[in-house]
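Throughout, read-outs are computed from the coordinates displayed, never taken from laboratory work. Since the model is a prediction, treat every value here as computed from it, not as a measurement.
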Amino acid sequence: MAYILTSRKGGTVRFEPLKNGVVEKESESYSSTVTSNPIENGAEINDHVNNASGTLNISGVIIGGSGAINALKAMRESRDIITYIGVTRMSNLVFTSLKFDRSYKNRNGASFSATLKQVQISSAEYVPMDGALPMTSQDNGRSDDQQLAKTANAGLMTVSLQSVSSASVERHGEAYTQPSSSAPLTRRTGAYNGLAV
């Protein structure tokens, strides 16, 4: 069976037994975190689960030269996105660790271990900026709602086209100048000074 690491930019490394090496061990790992919020009686409410990205650990032996070693290093150096096909199949992987151990037993190769982590690929939203686009349908009085239609777009400020009566302005001013009768003017108890009694 062949074990294949394919990258988008850096090519492919194909491990074939007795030719250039073999992947001896594959290990998949998945984890999640759960939110914990304490409540009054000492219990916790766990109400949300966040799934972390998957991790793939592979290890094996490279024989017959440094071609595969150099290709793996190039994939890591270029921060390339990799697809792995072996017993396990995973895509959208990046190297988080790559290690080579050389010894006299394998003079033209090395044993290796690698950790790869799955990444989520997303892209930013694109909005063309070639013309002035209104923020909402409410701009420039295009709303079906009569109250919203009275608002006009004036750049960074919004101008209301509705007039306010002088009596309304006077009542508004009095609301802030007249003393309030609903709240006591003095405290009935002393203020808390932070010291326990």
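For region 101-106, putting each phi into the Karplus relation 6.51 cos²θ - 1.76 cosθ + 1.60 with θ = phi - 60° gives couplings of 10, 10, 8, 5, 6, 9 Hz, in residue order, rounded to whole numbers and with x for Gly and Pro.
Backbone geometry of region 63-75 corresponds, through the Karplus equation with coefficients 6.51, -1.76 and 1.60 at θ = phi - 60°, to 3J(HN,Hα) couplings of 10, x, x, 9, x, 5, 4, 5, 5, 5, 4, 5, 4 Hz, x marking Gly and Pro. Each 5 Å bin, from zero up to the one with the longest distance, holds this percent of the alpha carbon pairs of region 1-106: 2, 10, 18, 20, 14, 8, 6, 5, 5, 4, 3, 2, 1, 0. From the alpha carbon centroid of region 54-80 to that of region 92-123 is 5 Å. Potential lengthening of the chain between SER78 and GLU170 amounts to 26.1 nm, from the contour at 0.36 nm per residue minus the alpha-carbon distance. If the segment from GLU26 to MET1 were pulled out straight at 0.36 nm per residue, it would be longer than the present Cα-Cα gap by 7.6 nm.
For region 111-124, putting each phi into the Karplus relation 6.51 cos²θ - 1.76 cosθ + 1.60 with θ = phi - 60° gives couplings of 8, 9, 9, 9, 10, 10, 10, 6, 10, 9, 9, 9, 9, 6 Hz, in residue order, rounded to whole numbers and with x for Gly and Pro.
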